[in-house]
Amino acid sequence: MDEAIMKRRTVTTARFKAKGESGRIYEIIEQADQLFEQPLSGPGKWKTGTKEYQVSTGGSANKISDTEFHIVLTEENATRI
């Protein structure tokens, strides 16, 4: 049986702007955890796991839908533009 070598990384997978209910524009950064599985024989590959969202000025955002996000620091919702 082959043993696997596991590697982990966090990568930025998207950057986009979202407009808050107050009219403020936020830059949201999507980051994904990835695991690389390399068997002793054959090619390895990266597998994407959980995604997190951060605001470029600090703090985090929670994804409500593909276009809606909740900005934790300001407690307002923002729509992707």
Here are the criteria: (1) at pLDDT 95 or above; (2) among the aliphatic types (A, V, I, L, M); (3) in a loop (DSSP other than H, G, I, E, B). Tell me which single one Ala32 does not satisfy.
(3)
Filter the stretch 45-81 for residues that are under 19 Å from Thr12 (Cβ atoms) and of a type in the set (S, T, N, Q) and give the result.
Thr48, Thr50, Gln54, Ser56, Thr57, Ser60, Asn62
When restricted to Lys51, Lys19, the only residue over 14 Å from the mean Cα position of the chain (by Cα) and surrounded by fewer than 15 Cβ atoms within 10 Å (Cβ to Cβ) is Lys19
Out of (1) modelled with pLDDT of 95 or more; (2) open to solvent by 90 Å² or more (accessible area, probe 1.4 Å); (3) not in a strand (DSSP E or B), the one Met1 does not meet is (1)
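Pick from the stretch 30-44 the residues that are more than 16 Å from Thr12 (Cβ to Cβ) and surrounded by 11 or more Cβ atoms within 10 Å (Cβ to Cβ): which of them is farthest from the chain's Cα centre (by Cα)?
Narrowing the stretch 30-44 to residues more than 16 Å from Thr12 (Cβ to Cβ): 35-44.
Adding the requirement that they be surrounded by 11 or more Cβ atoms within 10 Å (Cβ to Cβ) leaves 35-39, 44.
Values: Leu35: 14, Phe36: 17, Glu37: 20, Gln38: 23, Pro39: 27, Gly44: 23 Å.
So, considering only residues that are more than 16 Å from Thr12 (Cβ to Cβ) and surrounded by 11 or more Cβ atoms within 10 Å (Cβ to Cβ), the one farthest from the chain's Cα centre (by Cα) is Pro39.
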Only listed residue being touching a residue at least 60 places away in the same chain (Cβ under 8 Å) and among the hydroxyl-bearing types (Ser, Thr, Tyr), chosen from Thr12, Thr79, Thr74:
Thr79
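The values are calculated or read from the model by the stated rules, or taken from the named source; none is laboratory data. What you are looking at is a predicted structure, and each value in this text was computed from that prediction instead of being measured. Neighbour counts run over all protein chains shown; Cβ positions are idealised from the backbone, glycine included. Ligands, DNA and RNA are excluded from the accessible area calculation, which covers all protein heavy atoms including side chains. Shrake-Rupley method; radii C 1.70, N 1.55, O 1.52, S 1.80 Å.
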